[in-house]
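Quick note: the coordinates plus some simple rules give every number you see, no bench work behind them. Quick caveat: nothing in here was measured; it's all calculated off a predicted structure. All Cβ positions, glycine included, derive from the backbone under ideal geometry; neighbour counts span all protein chains shown.
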Amino acid sequence: MKKKQKSLKLINFVAEVDEQEKKALSRLVKERADFGQQEKGKAVSKKHLINKLNYTNFQDKTILINLRHAKYGQTIILHAKPQPCSGDRLDCLWAETDGIQQKLKSYKFESFFVPDGQKLLLAKPELIDISERGIHLSLPDTCYKVSSRKRIRHACQGITVQLIQDSMIFSGSLLDFSAISFHIELKSSPPQTFQWINPESTVNIILSDKLEALYTGECKIIRQTWGRKTRKFVLEPLEYKMQRYIRKEYRSNRQTVTPSPNIIFKHPFTQKIITLKIVDLSGSGFSVKEDENNAVLLPGMILPSLELSFATSFKVRCKAQVVYRKAIADERGGNWVKYGLALLDMDIQHHVNLVSLLHQADDPNSYVCSQVDLDDLWNFFFETGFIYPDKYEFIQRNKAQIKKTYEKLYNRKPNIARHFIYQDKGQILGHMAMVRFYENTWMIHHHAARKSALSKAGLVMLNQIGNFTYDSHRLYSLHMDFLICYYRPENKFPDRVFGGAAKNINDPKGCTLDSFVYFHLPKDIENELSLLEPWEITKTQPEDLFELEGFYASESGGLMLNAIDLEPNMADNDELAKEYKKLGFTMERFLFSLKKKGRVKAIIIVNISDIGLNLSFLTNSVKVIVMDSDDLPKDILYRVLSLIHKRTGQDNIHILLYPTSYADNQFIPYEKVYNLWILNTQYSDQYFRYTKRLLRFV
């Protein structure tokens with residue numbers, strides 16, 4: 001009984017056919033109906049066919065030769081290399097000659113297929129000759145474009161698969177994929193058996209290259225072949241949207257940039273260069289559009305290296321992850337797919353370039369790390385009262401060094417510093433800066449605005465730095481787990497913003513206020529250079545910081561120790577100091593423990609940095625955290641500070657003392673109180689919710 005012929009719509013087709021793709025095409029044909037009676041598509045001229053054949057030759061690719069068994073009607077596909085063609089005759093050489101002689105005894109030529117974009121050209125020429133070496137054909141006047149499947153499948157290279165179900169792990173490789181499914185081949189290793197895989201239950205898969213995992217996800221099994229040692233599976237992901245980060249109420253501002261940039265990347269599964277158009281863009285992610293039938297992205301897929309390319313030749317490299325897929329029907333009836341991607345990491349300088357562009361697109365008066373005329377900036381600091389007479393007394397003594405520091409900070413754009421300027425018609429209206437002074441903490445400082453524009457420029461700067469923080473804090477290269485700021489509580493503006501935020505958040509693990517007294521060592525104490533038993537000063541050990549954790553938990557319960565690197569495992573950390581040195585800056589930290597009979601009474605942190613890194617000298621100071629207020633006399637503390645002053649060799653020692661109650665109880669005279677404000681950047685929603693209310697009144 002003659003078998004009924006079925007039409008074939010190809011699924012696994014791409015324009016260029018390499019070794020992996022050749023195998024994928026052959027598998028496809030074997031899995032599908034034969035080529036006997038193809039559905040006729042759009043007619044195509046011989047001229048077009050010849051051009052495609054010559055292009056295939058130019059690319060050193062192959063065409064598909066379809067042979068049918070003379071007796072049983074089965075079909076096989078052979079790959080052949082077309083030779084240059086200019087007329088009616090086509091000569092092809094077999095890509096592989098093993099077993100050709102036996103196949104030609106039983107199979108007869110029927111037709112051939114040529115790749116043409118997302119379709120195939122089907123031709124049924126007359127056979128001139130066929131041999132073990134090749135095949136010779138007389139081309140027809142007309143051929144036909146035949147459909148591929150609705151969604152193109154893409155052949156893969158070098159991607160390993162782990163399939164996990166109920167603690168059983170099978171390994172194999174990814175053969176090909178589409179936007180909605182995976183085609184994998186697994187191997188069983190004794191005592192494994194494929195009977196262990198329940199096709200009615202979901203599985204988890206991990207797709208990896210030689211360096212890292214590129215995709216993990218839960219899938220259902222659509223179908224499988226049979227085999228004892230190897231078996232092929234088609235899997236369909238269960239989710240087309242993932243939550244990469246904690247869901248946030250306040251998100252990055254998405255910008256539509258004109259002209260729209262592209263992303264360019266080497267696809268991690270196929271190794272082909274892909275270029276896609278960006279729909280919208282922010283400092284934390286972007287979305288792109290793809291043809292629905294030829295999509296190459298999958299929610300959950302990691303793109304280890306991609307480039308954002310702008311028309312101005314401005315380029316940004318990053319690592320990203322696809323987080324969602326959304327089908328879109330446009331007004332003209334076309335269908336496309338929108339994919340959202342989240343930034344995982346980016347070079348810190350590339351990131352500031354990107355954020356600077358986006359801030360300008362949002363508000364043309366807002367500048368991030370722009371070139372600054374330092375004379376204008378210094379004039380702004382004096383006019384706004386940011387540098388007041390008492391502060392200038394310290395600045396004047398070191399003004400040459402401070403000017404040099406500012407030239408490096410503002411004109412060299414180092415990775416450890418950021419500045420934000422609100423400027424209109426060439427006049428600076430507001431300024432704020434940040435410096436990364438601890439391993440995962442940035443310090444906000446130098447916040448100033450002209451009084452005539454205070455309500456607007458000041459809050460706009462806060463909003464600007466808040467948006468920058470949101471765009472940055474998830475990126476490893478930015479090291480932004482915490483934001484800190486020192487301010488004096490009598491200053492209404494920072495107290496309203498930072499103090500108000502801490503009260504509003506009302507969670508010491510989200511936002512903390514800790515108060516320090518600020519003073520200088522009395523002149524008559526500076527020559528006291530001895531410390532007698534039972535007192536001693538030692539280098540701080542991790543166990544001393546464990547003691548400090550217990551004290552601080554009872555005193556405050558906040559974030560200070562985490563934010564300023566006083567956790568036990570950070571005692572000897574010097575990575576940030578190395579980064580400063582590499583950039584031409586100084587940042588040293590020394591930890592000392594003041595002990596009595598071996599028991600810790602205080603921890604002393606000595607910070608030495610470039611003069612002027614912070615104009616209140618808070619980055620060039622000594623912090624004292626007194627852990628036993630009842631057993632540390634004032635004169636012992638003064639002696640210790642005098643010894644440290646001698647060791648550091650600093651001209652003037654700026655002291656911050658915690659807790660303030662100790663200073664009051666010991667009648668230590670101090671000049672001012674500083675509140676140390678600390679924000680855990682994971683609490684950005686609560687912070688933005690508060691500051692947005694302030695901005696409403698601008």
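Structure data summary
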{"item": "Scattering profile of the chain at q = 0.06, 0.09, 0.10 Å⁻¹ [log10 I(q)/I(0), Debye over alpha-carbon scatterers]", "result": "-0.53, -0.88, -0.99"}
{"item": "Cut-off 10 Å between beta-carbons: net charge of the residues surrounding residue 83, Lys and Arg +1, Asp and Glu -1", "result": "+1"}
{"item": "Relative intensity, log₁₀ I(q)/I(0), of the range 185-284 from a Debye sum that treats every alpha carbon as a point, q = 0.11, 0.15, 0.21, 0.23 Å⁻¹", "result": "-0.58, -0.90, -1.25, -1.31"}
{"item": "Sites residue 305 and residue 162, calculated FRET efficiency, Cβ-Cβ separation with R0 25 Å, nearest 0.05", "result": "0.60"}
{"item": "Sorted by Cβ density within 10 Å, fewest first, the residues 444, 505", "result": "505, 444"}
{"item": "Relative contact order of the chain, defined on C-alpha pairs under 8 angstrom at six or more residues apart (%)", "result": "8"}
{"item": "Ranking of 286, 617 by count of other Cβ atoms within 10 Å, fewest first", "result": "617, 286"}
{"item": "Computed Rg/Rh of the range 154-237, alpha carbon atoms with Kirkwood Rh", "result": "0.92"}
{"item": "Stokes-Einstein D (µm²/s) once Rh is taken as the Kirkwood radius of the range 514-680 over alpha-carbon pairs, at 25 °C in 0.890 mPa s", "result": "149"}
{"item": "Ratio Rg/Rh [Cα only; Rh per Kirkwood] for the range 297-387", "result": "1.17"}
{"item": "Within-15-Å neighbourhood charge of residue 539 [Cβ basis; K, R +1; D, E -1]", "result": "-4"}
{"item": "Dipole moment magnitude, nearest 20 debye, the range 578-698 about Cα centre, only Lys, Arg, Asp, Glu C-beta charged", "result": "320"}
{"item": "Peptides 490-501, 420-431 ordered by average Cβ neighbours within 10 Å, highest first", "result": "420-431, 490-501"}
{"item": "Dipole magnitude of the chain, debye to nearest 20 (Cβ charges: Lys/Arg +1, Asp/Glu -1, about Cα centre)", "result": "3820"}
{"item": "Contact order normalised by residue count of the range 514-680, Cα under 8 Å, 6+ apart, percent", "result": "37"}
{"item": "GluC sites (Glu not before Pro) within the range 325-428: DSSP coil, no more than 14 neighbouring Cβ in 10 Å", "result": "331"}
{"item": "FRET efficiency, residue 51 to residue 264 (Cβ-Cβ, R0 30 Å, nearest 0.05)", "result": "0.60"}
{"item": "Interchain or long-range residues, amide H under 5 Å from residue 116's placed H", "result": "121"}
{"item": "The chain - mean residue ellipticity at 222 nm from DSSP helices (-39,500 (n - 2.57) per run, n ≥ 4, rounded to 500)", "result": "-7000 deg cm²/dmol"}
{"item": "Linear extension gain, residue 386 paired with residue 574, 0.36 nm per residue minus alpha-carbon span", "result": "64.5 nm"}
{"item": "Neighbour-limited loop hits for GluC sites (Glu not before Pro), the range 153-245 (at most 15 other Cβ within 10 Å; DSSP other than H, G, I, E, B)", "result": "200, 212, 239"}
{"item": "Over the range 262-346: Rg over Rh, Cα atoms, Kirkwood Rh", "result": "0.95"}
{"item": "Of the trypsin sites (Lys or Arg not before Pro) in the range 579-647, those whose Cβ has at most 14 other Cβ within 10 Å and which sit in DSSP loop", "result": "597"}
{"item": "Fewest-first ranking of 394, 516, using other Cβ atoms within 10 Å as the exposure measure", "result": "394, 516"}
{"item": "Sites residue 96 and residue 187, calculated FRET efficiency, Cβ-Cβ separation with R0 22 Å, nearest 0.05", "result": "0.35"}
